[in-house]
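Read the structure below first, then the notes.
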Amino acid sequence: MEKAVLSKSTFIRGLQCEKSMYLYKHHYGLKDEVSPQLQAIFTQGTNVGLLAQELFPNGVDASPPDHFKMQESVFKTKEYIENGESIIYEATFQFNGVLAALDILVKDENGWKAYEVKSSTSVSDVYINDAAIQYYTILNSGVDLRDISIVYINNQYVKSGDVDVHELFTIESVYGKVQEVIPGIPNRIERFKQVINQDGVPDIDIGPHCSKPYDCDFKGYCWSHIPDYSIFNISRLSIKRKFELYQKGVVSFHEIDLEVTSFNTSQLLQVTSELDNQTYIDRPRIYAFLEDLNSPLHFLDFETMATAIPIYDNSRPYQQLVFQYSLHIQSEHGDLKHCEYLAEANPDIDPRKAFVKQLISDCSDEGDILVYNIGFERGKLCDLMQLYPEFSEELGNIVGRLKDLMLPFQNKWYYTPEMKGRYSIKAVLPALVPELSYNELEIGDGGLASYTFTQMVLGQFEGDYQSSRKALMEYCKMDTFAMVKILEKLQKVL
Ligand code: SF4
């Protein structure tokens, strides 16, 4: 059998950018490192795929022994079909130099049907292209395919008892849409083969395609000529405008001609602040913000987890579930007290009820509660009010006392060049309180905190359990302590 040149994933890569496809085939080592969080998304995809097999139980598995032995899957699949198997997992086909593996192939009274499983919650255009290359390869391998469907997550499913796969998954036929794409497939394949066989890396510059539909994993290589802080960091400037500037040779701030480039007020402030190395402070607005705060001040931060396959009853796929909070309470005289909650990482114990009880007790019923990005904490509290109506009055009290410490920075009432157009707490803290830093922490961002706790719940955590729990607490505590210090800085400024 001729060696496959393209796989389904390299084909999809080629549709996004031929350079990415070429680099993947010939310079794989230039690919960006896979972060633990991204790896978790891949692992989640594998788990979702395995669970979806229960929609069509008792099939045979044509998986290869490893990723480099896909040909073995092709032979196994052929053998299974010849032996009359009617449900095949990881069925793999090869035609015209293209290798395509399919999650589930099923034969019923109407003939063969293909099912490709995705851990997302809707069908996107990429999935249609994905299904089209599969359909093309399977059909031309001699299988009379009658239908092809995408199996994806139904985010309205609420778990109650064992996961019901028929409720968790939605099956949507994409046969009609695939037929529209199929006529263009052979030419694409020929084109991609030519590109792969050419001598040098395709001459393709960076562009909006670097992030659409996916964030390309060769950005570290292709974007190396772009400084860490550039016109691409101008906040809320459309990607189209950014690349218009780039095409004109404008990359650094000092290359911007303010006479001919229009920005909105906030963007202009960011640009001029950088060019003049100047801090902007809107004292009246900050004064009004501070005047409106009522002691004792509470500084609150939540950590959440979200999984495609719900773990706890009364939760939906990808619903963000609270498992941890940190709370600093500052009296009128400035005394500081710290409270915290970190759930047991146990798939049989829903972390939310104990979280709610302790939060209500720790927040008492007076004084404002400062959070950073109010929409997040308020959203989670509203979810909890719905889930536990018996606590809705106390939780409603907490919601009514929330105030957002992000406002002065989001609205650029306080802006320094070090903030680099951002206003997240991770950007504001080093700019305002450089002596405090997340850098020394073992867990230094919310994504890693969520990943760590989820791995613990799923029993897949490989690190030191106790020290990582301590690291989780240190991280969340830092978030609220940072808020205390940022507020202190605002007070000092006045
Ligand atoms: S970073 Fe952009 S230009 Fe480079 S390979 Fe990826 S998509 Fe293509």
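No lab work stands behind these numbers, since they all come straight from the coordinates. On a predicted model such as this, the values are computed, not experimentally measured, just so you know. Glycine also receives a Cβ, built like all others from the backbone with ideal geometry; neighbour counts cover every protein chain displayed.
When only alpha-carbon atoms count, how far does region 6-197 stretch along each of its three principal axes, as whole angstroms with the largest first?
51, 41, 34
How much length is gained if the chain between Ser437 and Val158 is pulled fully straight, taking 0.36 nm per residue apart and subtracting their Cα-Cα distance, in nm to one decimal?
On the way: separation 279, 0.36 × 279 = 100.44 nm, distance 3.96 nm.
Result: 96.5 nm gained on full extension.
Quick one: which of 234-245, 86-97, 364-375 comes out on top by average Cβ neighbours within 10 Å, and what's the full order, highest first? Kindly include the intermediate steps, with their values, before the conclusion.
Details: 234-245: 15.4, 86-97: 21.7, 364-375: 17.1.
Highest mean packing first, the order is 86-97, 364-375, 234-245.
Compute the length gained on full extension between Ser86 and Glu167: take 0.36 nm times their separation in residues and subtract their Cα-Cα distance, giving the result in nm to one decimal. All intermediate terms of the calculation are to be shown ahead of the outcome.
On the way: separation 81, 0.36 × 81 = 29.16 nm, distance 2.34 nm.
The Ser86-Glu167 span can extend by a further 26.8 nm.
Distance in nm between label sites at Phe75 and Arg285, each 7 Å beyond Cα in the beta-carbon direction?
Roughly 6.9 nm, to one decimal.
Relative contact order (percent) for region 6-197, with alpha-carbon contacts under 8 angstrom and 6 or more residues of separation?
Numbers: 281 pairs, mean separation 39.0, N = 192.
After rounding, I find 20 percent.
Would you work out the charge dipole size for the chain about its Cα centre, treating the Cβ of every Lys and Arg as +1 and the Cβ of every Asp and Glu as -1, and quote it to the nearest 20 debye? Walk me through the numbers on the way to the answer.
Working: 46 positive and 70 negative charges, 253 e Å.
It comes to approximately 1220 debye.
Quote the FRET efficiency, to the nearest 0.05, computed for Asp368 versus Phe42 with a Förster distance R0 of 35 Å and r equal to the Cβ-Cβ distance.
Working: r = 42 Å, r/R0 = 1.20.
Using R0 = 35 Å, I get an efficiency of 0.25.
Based on alpha-carbon positions alone, could you give the equivalent ellipsoid semi-axes of region 358-494 from the gyration tensor, as √(5λ), descending, whole Å? Intermediate results must be reported in sequence, preceding the final value.
On the way: eigenvalues 137, 115, 32 Å².
Taking √(5λ) for each eigenvalue gives 26, 24, 13 Å, largest first.
Taking only DSSP H segments of four or more residues, each worth -39500 (n - 2.57), what value at 222 nm results for the chain once the sum is divided by all its residues, to the nearest 500 deg cm²/dmol? List each step's numbers first, then the result.
On the way: 19 runs with 210 residues, N = 494.
Theoretical 222 nm ellipticity from helices: -13000 deg cm²/dmol.
Mind giving me the FRET efficiency for Leu336 and Lys357? R0 is 30 Å, r the Cβ-Cβ distance, nearest 0.05 is fine. Working shown, then result.
Values: r = 23 Å, r/R0 = 0.78.
Calculated transfer efficiency: 0.80.
Using the alpha carbon gyration tensor of region 226-278, what are the three equivalent-ellipsoid semi-axes (square root of 5 times each eigenvalue), largest first, in whole Å?
On the way: eigenvalues 47, 30, 24 Å².
After scaling each eigenvalue by five and taking roots: 15, 12, 11 Å.
Arrange the peptides 377-388, 254-265 so that the one whose residues have, on average, the most other Cβ atoms within 10 Å appears first. Before the final figure, lay out each step's value.
Working: 377-388: 17.2, 254-265: 11.0.
Ranking, from highest mean packing down: 377-388, 254-265.
Taking the chain as the region of interest, what is the percent of Cα-Cα pairs per 10 angstrom bin, listed from the shortest bin to the one with the maximum distance?
Bin by bin from 0 Å, the calculated values are 3, 15, 21, 23, 20, 12, 4, 1, 0.
How do Leu30, Leu269 rank when sorted from fewest to most other Cβ atoms within 10 Å of their own Cβ?
Numbers: Leu30 14, Leu269 17.
Ordered from fewest to most neighbouring Cβ atoms within 10 Å, Leu30, Leu269 come out as Leu30, Leu269.
Would you please give the FRET efficiency between Ala306 and Glu244, computed as 1/(1 + (r/R0)^6) with r the Cβ-Cβ distance and R0 = 25 Å, to the nearest 0.05? Walk me through the numbers before you get to the answer.
Details: r = 36 Å, r/R0 = 1.45.
The value I calculate is 0.10.
Please give the length that would be gained between Lys489 and Asn264 if that part of the chain were fully extended, namely 0.36 nm times their separation in residues minus their C-alpha to C-alpha distance (nm, one decimal). Write down the numbers at each step before the final one.
Details: separation 225, 0.36 × 225 = 81.00 nm, distance 2.76 nm.
Separation in residues times 0.36 nm, less the Cα-Cα distance, equals 78.2 nm.
If I take every Cα pair under 8 Å that is 6 or more residues apart in the chain, average their sequence separation and divide by the length, what percent do I get for the relative contact order?
Working: 735 pairs, mean separation 63.8, N = 494.
After rounding, I find 13 percent.
For the pairs Lys8/Lys426; Lys242/Lys426; Lys31/Lys489; Lys242/Lys412; Lys353/Lys470; Lys212/Lys420, note any where the Cα-Cα span goes beyond 30 Å.
Lys8/Lys426; Lys31/Lys489
With +1 assigned to the C-beta of every Lys and Arg and -1 to the C-beta of every Asp and Glu, and no other charges, what is the dipole magnitude of region 335-494 about the Cα centre in debye, to the nearest 20? Present the calculation step by step, with values, prior to reporting the outcome.
On the way: 18 positive and 25 negative charges, 133 e Å.
Dipole size: approximately 640 debye.
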